[in-house]
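The values are calculated or read from the model by the stated rules, or taken from the named source; none is laboratory data. Computed from a prediction, not measured in an experiment: that's the story for all the values here. Quick reminder, even Gly has a Cβ in these numbers, built from the backbone with ideal geometry, and neighbours come from all protein chains shown. Quick note on the areas: whole protein, heavy atoms, side chains included, nothing else; ligands and nucleic acids left out. Shrake-Rupley method; radii C 1.70, N 1.55, O 1.52, S 1.80 Å.
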Amino acid sequence: MVRTTGRVVADENQLYRVLAGTDGWIESLGNNPPGTLVKKGQELAKLYSPEFRTAETTYLGFVTSVERLKASMSQSDMRQVEESSRFNEEQLRLFGMGDEQIKQLRETHRQTSVINLEAPGDGIVLSRSISPRQRFEKGAELYRIADLSKVWIVADIHGDEGEPRPGTRAKVRVPELGKSVEATVSSSTSLFDQASGTLKLRLEADNPLFLLRPDMLVDVEFESKVPPGLSIPAEAVLDSGLRKIVYVESSEGVFEPRSIEITGAYGDRVTVTSGITERDRIVVSGNFLLDSESRMRLAGAPSSVTKPEAKTGPAA
């Protein structure tokens, strides 16, 4: 069982970045600060730009011509007109005009220099970078909205912990709330983060009650397959920095230090590649007493521990 920490992020496949289609000004804003739940088509703000009127004039000129010639058109001509109509409407959508306002424009032929900016989908406002009467430039991000019904969890794992297969189930716990949800390891390749020295494992989780929010820290645990080999309890290893040793029972009541090589850690056990065999009995408790007495004897000092009690166990 691998236990680690993770961070909740919005599913980028369900993340909407609302950008300005041209230069302009904010006429007014709705009551939708970050954290507001919005519905698709809901008005977010009113935008003003002289370029809106130019695009509307072009569109209305096309609509008027079609209405005048509609009765004399063949089916093939009508299909071409519908394609042209979609193109002209798309120009208005690029400025941020929604379907309802385009419909009103087509029916009333009444132009306006103000566009009602609509939410592109259901979600929660993550950021709003505009204020009333503020000037904006083409391409500026006005809103960022995320559908949090599904979220990603980015967990840190070390290379020696083994990378779980896509589809592996994981348990995600929110410590502050005392609640847990299930997540699934995604099919995307884990990327290496140089700053933390870990692999970034991505998990996907359903989030219908919005329990998980972006940037929330969570605990993650999942099962990982361990490669075959010899393993011992991690507490049996004494690490001096230069080498790692364990105490092996060479005969009854006699213990000797043995240098070992470790390749990985899995839970409370470590994998050993050299230094001991599966037939050896090693000290798993009291090894600090043995190590202290051994050092004192090497230094020629009298030992106060004449017969240390050590608990032994076989390597597995």
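Over the range 1-72, with the other protein chains present, what is the accessible area per residue in square angstrom, probe 1.4 angstrom?
Per residue, the range 1-72 has 57 Å² of solvent-accessible surface.
Taking the Cα of Y48, stepping 7 Å toward and past its beta carbon, and measuring to each backbone N in the range 120-139: which are under 13 Å?
Once the point is set 7 Å along Cα→Cβ of Y48, 132-136 turn out to lie under 13 Å by backbone N, inside the range 120-139.
I need the fraction of alpha carbon pairs in the range 178-261 separated by more than 21 Å, rounded to a whole percent.
I get 60 percent for the Cα pairs in the range 178-261 exceeding 21 Å.
Can you give me the accessible area per residue for the range 91-226, using a 1.4 Å probe, in Å²?
Accessible surface, normalised per residue, equals 56 Å².
Taking H as built 1.01 Å from N, whose amide H comes closer than 5 Å to the amide H of G21, not counting residues under 5 places away?
Excluding prolines and chain starts, which carry no amide H, the hits are G139.
Considering only C-alpha atoms, what is the centroid distance from the range 190-218 to the range 105-143, in Å?
Value for the Cα centre distance between the two parts: 31 Å.
Roughly how many percent of the accessible protein surface of the range 118-160 is carbon and sulfur, given a 1.4 Å probe and a whole-percent answer?
44 percent
Could you estimate the translational diffusion coefficient of the range 122-257 from the Stokes-Einstein equation, with Rh from the Kirkwood formula over C-alpha pairs, at 25 °C and 0.890 mPa s, in whole µm²/s?
127 µm²/s
Can you give the extra length, in nm with one decimal, that the chain gains between E252 and R169 once fully stretched, where that is 0.36 nm per residue apart less the Cα-Cα distance? Walk me through the numbers before you get to the answer.
Values: separation 83, 0.36 × 83 = 29.88 nm, distance 4.63 nm.
My answer for the length gained is 25.2 nm.
Quick one: net charge of P50's neighbours, Cβ under 14 Å, K/R +1, D/E -1?
So the environment of P50 carries a net charge of -1.
Check cross-link reach from K225 to the aspartates and glutamates: straight Cα distance under 13 Å, and skip same-chain residues fewer than eight apart.
Within reach: D160, E161, E163.
Let me check I've understood the local charge: for E27, count other residues with C-beta under 9 angstrom from its C-beta, Lys and Arg +1, Asp and Glu -1. What total comes out? Each step should come with its number before you reach the end.
Working: positive: K46, R133; negative: none.
Neighbourhood net charge equals +2.
Less than 16 Å apart at the alpha-carbon level, and either on another chain or at least 8 residues along: which aspartates and glutamates does that give for K103?
E43, E56, E67, E82, E89, E90, E118
What pairs from K40/K200; K39/K171; K150/K200 go past 29 Å between their alpha carbons?
Details: K40/K200 32 Å; K39/K171 31 Å; K150/K200 19 Å.
Going by Cα-Cα distance, K40/K200; K39/K171 fall outside the 29 Å limit.
Within straight cross-link reach of K244, meaning Cα distance under 14 Å, which aspartates and glutamates are found once same-chain residues fewer than 8 apart are removed?
Cross-link targets: E235, E256, E261, D291.
So, in nm, how far is label I102 from label K40 when the simple model puts each one 7 Å beyond its Cα toward the Cβ?
Inter-label distance under the simple model: 1.4 nm.
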